[in-house]
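What follows is a short report on a single structure.
Read the figures in this text as sums done on the coordinates, not as results from a lab. Please read these numbers as outputs of a predicted model, since none were measured by experiment. Cβ atoms come from the backbone with ideal geometry, glycine included; neighbour counts cover every protein chain shown.
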Amino acid sequence: MLTYRTHLIAREGWRFVAIMALLGLVLHISLGFIIAIPFWIATLLLCVLFRDPRRQVPPKPLAIISPVDGRVFAIDTLQDPYTQQQVLQIQINKGIFDVMTARSPMEGKINKQWFAIANTIEAVNNINEAKLQEPATCQVESMASGMDTTQCRFAQWIQSDEQDNIVMAVKSATHFFKPRCYSHSGDRIGQGQRCGFIPFHAVVLVSVPVSSRLEVNIGDLVRGGSDTLATLMH
């Protein structure tokens, strides 16, 4: 099994943990342990909230791995609004306290990415460049598929060496903490590799070819980077 190195605490949370720990240390030294207890507890809670555990990727090259921790709450057959292909779409509800790290569902090349800009979702080559503009809730709806992509923050189209296409899209209602994507169009990405950060609650949509064999059912709990959602059939 493949295991990617992690820092156990996501780097996005380092400054929050460091600030709270520093405040706790200062109060501990100056006013005593009792006064500092709330800050030590807050530091511990932040460590739990921003945890980034190691995950073992199953040795299945054709497996589509869950990108996040959460619960499968819907599985539909529809036309994907990004690739315009008929797909099986697996919807995962990521809870507020679930691990916030996002991982790549499969190995391949990032064909294209979309990012929410000015009430639309636009294709960009560099997600970091798009961040210079204020991300707004995208109000895109595919009339052909009937899929409502309201509140999509970003979407990523990955193509395997065998020309299989999957799309991962993130819908989030959180405006203060926005999802982050660390990959770029044209990048090569590994199965289960850390590729983003999705704070607090979100819905993650994973669209796979209709010929894929589903490995999950509605209501199943899944772990990002290790549990298989579907298997590509060749």
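With a simple spin-label model that places each label point 7 Å from the Cα along the Cα-to-Cβ direction, the separation between HIS7 and GLN79 comes to 4.4 nm.
When its C-alpha radius of gyration is set against 2.2 N^0.38 Å (N residues), region 2-52 gives a value of 1.32.
Taking one equal scatterer on every alpha-carbon of region 1-86, how large is log10 of I(q)/I(0) by Debye at q = 0.14, 0.19, 0.24, 0.25 1/Å? Rounded to two decimals, the profile gives -0.73, -0.94, -1.12, -1.15. Taking other C-beta atoms within 10 Å as the exposure proxy, ILE9, ILE92, ILE37 rank ILE37, ILE9, ILE92 from fewest upward.
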